[in-house]
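Notes for the one structure printed next.
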Amino acid sequence: MTKPIIEVKDLAKNFGDNQVLKNISEQVNPGQVIVVIGPSGGGKSTFLRCLNLLETPTSGEVDFDGQNLTTLDTKKVNTLREQMGMVFQNFNLFPNMTVLENIKLAPMKVKNISDADATKRAHELLQQVNLDDHADAFPTSLSGGQAQRVAIARALAMDPKVMLFDEPTSALDPEMVGEVLNVMQDLAQQGMTMVVVTHEMGFAKSVADRVWFMADGYIQENNTPEEFFSNPQTERAQDFLSKILM
Amino acid sequence: MKNKLIMAIALVMALVAGWTATTTTAQAATDDSLAQVQKSGKLVMGTSPDYPPYEFQATVHGKSQVVGMDVAVGKKIAKDLGVKLVVKSMSFDSLLVALQTGKVDMVISGMNPTPARRKNVDFTHTYYQGGYSIVINKSDKGIYKDKDSFVGKTIGAQTGSTMYTESKKQTSGTTVKGMTSVSDLILGLQSHKLQGVAMEKPSAQAYVANNKELAMIPSNFDLSASDTSASVAFAKGSTSLVAAANKSVDQIRKQNLVNKTYLPAAGKYLKTNTVNTSMLHYWKAFLKGIEYTLIITVCSVFFGFILGVLLSLARMAQGGVFATALRWLATAYVEFIRGTPMMVQVMFVYFGLGLIVNLPALTSGIIAISLNSGAYIAEYIRGGINSVDKGQTEAARSLGMTKGYTLRYVVLPQALKNIWPSLGNEFITLIKDSSIVSIIGVSELIFQSNIVRSDTYRGVAPIAVIMVLYFIMTFTASRILNHFERKMQHD
Ligand SMILES: Nc1ncnc2c1ncn2[C@@H]1O[C@H](COP(=O)(O)OP(=O)(O)O)[C@@H](O)[C@H]1O
Ligand SMILES: [Mg+2]
């Protein structure tokens with residue numbers, strides 16, 4: 001049996017009196033693609049942000065590569081966090097820097113990689129997402145689909161072991177969703193471990209190894225995509241699927 | 001202006017009083033004032049150089065310096081003590097505070113040794129016995145005879161001076177208006193806001209001799225000797241220093257040095273001053289003013305900015321008791337600075353901090369204005385940081401960047417771009433507001449213009465000149481700032 005790269009044990013998160021995550025225990029194995037789906041407000045983003053400790057869990061453990069992140073000091077957390085790339089719904093590109101500078105910043109400042117090496121790597125990544133001709137553009141001049149692909153390249157520049165995606169296509173015009181999903185599919189095929197929160201059921205069906213259905217602060221169901229979509233176990237999931245597949 | 005200044009001084013005095021109370025009594029017990037001066041090799045004299053012929057600015061060998069009969073008296077005392085004389089200029093109101101806080105060793109500024117002043121400082125014997133006159137417009141000659149002719153009219157006198165107190169006491173039905181500088185009073189007279197100005201006789205003579213439109217009449221005030229005489233003031237309890245100075249003062253009286261030597265010499269300086277009263281002739285004085293104004297502004301914005309960044313970060317500190325304390329302190333500081341007048345802050349730094357470390361006026365001014373502008377800049381920066389989308393921080397943190405790096409490379413650059421116009425405004429405001437340090441004698445533009453005014457006996461022209469100069473500075477600054485603003489808006 002392979003050792004899980006991410007293991008969550010009894011993870012809980014409260015915002016004041018609001019219990020957003022309630023005792024979640026799950027595992028992600030290396031190379032797996034997990035798609036998290038569920039109704040809005042169910043705690044998906046909070047869960048994802050607890051994985052790289054952007055949000056501090058109220059109780060429970062998040063183990064990454066065998067180390068319990070919740071007990072580590074800030075410095076260690078910073079170094080482990082760089083191994084988990086994250087892509088946001090709103091891209092969050094740095095507007096005061098060019099595309100190339102966006103990608104180079106963290107490798108140069110965090111990993112102390114030389115400008116030349118960082119530039120070379122940035123161009124490779126831009127080619128991978130088909131945007132090398134936009135290297136010197138500023139983010140505001142990009143379309144949503146282009147911006148999100150740059151954001152993916154920026155996260156990849158840190159050579160992460162895991163990529164976390166929080167609704168990467170939700171802010172895009174429909175005609176741009178495809179180009180971003182293609183990049184993600186390529187990544188999955190190259191063996192990247194991914195946790196993807198999305199409403200793109202087609203992507204879940206064709207790319208995911210497991211589907212986690214999340215609602216009311218619990219992972220209600222953890223299943224293969226085939227099983228989940230054809231034969232959902234919980235009433236909550238059946239209800240959700242009937243609404244979105246209508 | 002006058003009231004604000006007096007209130008400011010009262011506040012500083014009150015703050016300083018508690019502080020000095022203990023030190024002064026200790027000083028009285030063991031008086032080493034004379035030994036201290038001899039050890040340091042210099043005697044620092046405070047004076048308000050807008051009172052010819054007592055003290056005024058004149059250009060000597062191309063350099064502007066303080067001259068007049070009081071300076072001659074100071075030189076004589078210093079020479080007899082075997083030390084060097086250093087002259088420090090400041091407004092008349094500030095002189096006694098400066099003495100009490102050790103900024104100066106003595107004050108010679110045509111000061112009358114009144115009983116009220118004697119409570120706070122020690123005086124030497126009198127070195128000059130003068131009298132009061134009233135300066136009027138020549139066109140009014142014959143209308144006014146003496147102090148009693150001004151019923152229903154207004155006369156002016158220098159704030160904080162004996163003339164001011166006595167004019168109030170000894171006239172009835174006459175309004176007495178106080179102003180800080182004699183040049184302003186003369187201007188008030190010439191623009192008919194005042195009908196007469198009470199001042200010491202030698203000063204009145206100097207003004208009348210140099211301005212054809214003025215005349216003088218006797219005041220006929222009923223005065224005690226202490227009200228019309230001038231003495232040198234020393235800090236309370238410096239008995240040995242007073243005794244030593246008295247030897248010089250006695251010689252001055254015995255040999256009649258003031259009338260024989262000092263006044264004629266001062267008169268010569270007055271003549272050289274008034275030979276050429278065109279503003280162009282004084283370009284050096286104005287240039288020096290601009291230089292100091294810019295030095296103060298640039299330094300204060302620079303240090304204020306650093307302080308502002310630190311304060312704004314402290315105000316946003318989170319987690320732990322230490323962070324809470326830091327946040328509380330920074331908030332209290334910002335509120336306190338924003339809730340007190342800059343003028344009081346300037347005086348507090350100069351006179352108050354001066355008790356611990358002896359800072360030059362320029363340094364004190366820069367410190368005070370930096371401390372002040374830091375509080376304002378902190379609020380701009382805090383607003384700027386809050387205006388940066390939280391997603392930016394999350395993206396940077398998710399890339400493994402530390403809090404510090406995130407702030408430095410991602411948040412602050414964007415925050416600065418957002419608040420650049422506010423920072424620019426602060427800079428331009430400081431060009432104007434830095435003039436407040438003129439009260440502690442820093443030779444910035446306002447201070448310099450006051451000197452030119454008392455040198456030339458011209459009230460309005462220097463004001464017009466500095467108005468234009470200030471505008472040129474602020475206008476140029478705003479053009480430059482705009483240029484950078486546009487450069488930052490690359491997309
Ligand atoms: N920073 C926060 N402070 C307070 N409440 C929050 C915060 N972030 C999320 N929540 C709450 O947590 C719940 C789950 O939110 P979220 O994780 O964004 O759900 P999802 O991504 O599934 O839509 C919501 O009720 C939301 O209001
Ligand atoms: Mg969400």
| said: Quick check: the distance between the Cα centres of region B:109-123 and region B:222-258, to the nearest angstrom? | reply: 10 Å
| request: Would you kindly find the accessible area of B:Thr180, with a 1.4 Å probe and non-protein molecules such as ligands, DNA and RNA excluded, rounding to the nearest 10 Å²? | output: 30 Å²
| How many percent of all Cα-Cα pairs in region B:101-143 sit more than 14 Å apart? | 64 percent
| What's the extension gain from B:Lys260 to B:Arg486 if we count 0.36 nm per residue and subtract their Cα-Cα distance? | 74.7 nm
| Which percentage, to the nearest 5, of the DSSP beta bridges contained in region A:6-243 is antiparallel? | 55 percent
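Calculate, in whole percent, how much of the Cα-Cα pair population of chain A lies beyond 25 Å.
On the way: 13034 of 30135 pairs.
For chain A, the fraction of Cα-Cα distances above 25 Å is 43 percent.
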| Once amide H atoms are built 1.01 Å from N in the peptide plane, which residues 5 or more positions from A:Gly31, or in another chain, come under 5 Å H to H? | A:Thr193
| request: Please work out the C-alpha center-to-center distance from region B:384-421 to region B:34-48 and express it in whole Å. | output: 54 Å
| Just counting partner chain Cβ atoms within 10 Å, what average do the residues of peptide A:93-100 show around their Cβ? | 4
| field | Kirkwood-based shape ratio for the protein assembly as shown, expressed as Rg/Rh from alpha carbons | value | 1.21
| Does region B:71-210 classify as rounded, prolate or oblate by the C-alpha gyration tensor (a ≥ b ≥ c root eigenvalues; a/c under 1.5 gives rounded; else a/b over b/c gives prolate, otherwise oblate)? | prolate
| remark: Residues other than A:Asp173 with Cβ under 15 Å of its Cβ, Lys/Arg counted +1 and Asp/Glu -1, net out at -3
| field | Crossing angle, helix B:239-254 versus chain B [Cα axis fit, 0-90 degrees, rounded to tens] | value | 40 degrees
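Over the whole of B:401-411, what's the average partner chain Cβ count within 10 Å per residue? Rounded to a whole number, please. Each step should come with its number before you reach the end.
Working: counts 8, 7, 2, 0, 5, 1, 0, 1, 8, 7, 1.
Taking all residues of B:401-411 together, the mean is 4.
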| task | Run through the DSSP bridge list for the protein assembly as shown and note the antiparallel percent, rounded to the nearest 5. | result | 55 percent
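Which three semi-axes in whole Å describe the equivalent ellipsoid of chain B, each the square root of 5 times a Cα gyration tensor eigenvalue, listed largest first?
47, 27, 20
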| query | Using alpha-carbon positions, what is the distance between the centroids of region B:305-331 and region A:122-171, in Å? | reply | 36 Å
| remark: Scattering profile of region B:279-490 from the Debye formula, Cα beads only, expressed as log10 I(q)/I(0) at q = 0.13, 0.17 Å⁻¹, is -0.82, -1.17
| remark: Output for region A:1-147 (equivalent-ellipsoid semi-axes, sqrt of 5λ from the C-alpha gyration tensor, Å, descending) is 32, 19, 15
| query | Measuring with a 1.4 Å probe in the full set of protein chains, what accessible area per residue, in whole Å², belongs to region B:132-218? | reply | 40 Å²
| message | As a test of the definition: which semi-axes, in Å, follow for region B:404-466 when you take the square root of five times each eigenvalue of its alpha carbon gyration tensor? Largest first, please. | response | 41, 12, 6
| task | Excluding B:Gly384 itself, calculate the net charge of residues whose Cβ lies under 13 Å from the Cβ of B:Gly384, where each Lys or Arg counts +1 and each Asp or Glu counts -1. | result | 0
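Heavy atoms only, 1.4 Å probe, whole protein assembly: order A:Val87, B:Val298 by accessible area, highest first. Could the numbers behind the result be given before it?
Values: A:Val87 0, B:Val298 80 Å².
Listed by decreasing accessible area, they come as B:Val298, A:Val87.
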| task | Compute the acute angle (0 to 90°) between the alpha-carbon long axis of helix B:461-488 and the principal axis of greatest extent of the alpha-carbon atoms of chain B; round to the nearest 10°. | result | 10 degrees
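In Å², nearest 100, what accessible area do chains B and A bury in total when the solvent probe is 1.4 Å?
1900 Å²
If packing is taken as the average count of other Cβ atoms within 10 Å, what order do A:159-167, B:335-343, B:361-369 fall into, highest mean first?
Order by mean packing, descending: B:361-369, A:159-167, B:335-343.
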| said: What figure, in Å² to the nearest 10, do you get for the accessible area of B:Arg327 with a 1.4 Å probe and non-protein molecules left out? | reply: 80 Å²
| task | Mind grabbing the accessible area of B:Met163 for me, 1.4 Å probe, Å², rounded to tens? | result | 10 Å²
| Shielding score for A:79-90, defined as the mean number of other chain Cβ atoms within 10 Å | 3
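The values are calculated or read from the model by the stated rules, or taken from the named source; none is laboratory data. Note that the structure is predicted; figures quoted are calculated from it, not measured. Backbone-built Cβ (ideal geometry, glycine too); neighbour counts: all protein chains shown. Note: accessible area is taken over every heavy atom of the protein model, side chains too, but ligands, DNA and RNA are not part of it. Shrake-Rupley method; radii C 1.70, N 1.55, O 1.52, S 1.80 Å.
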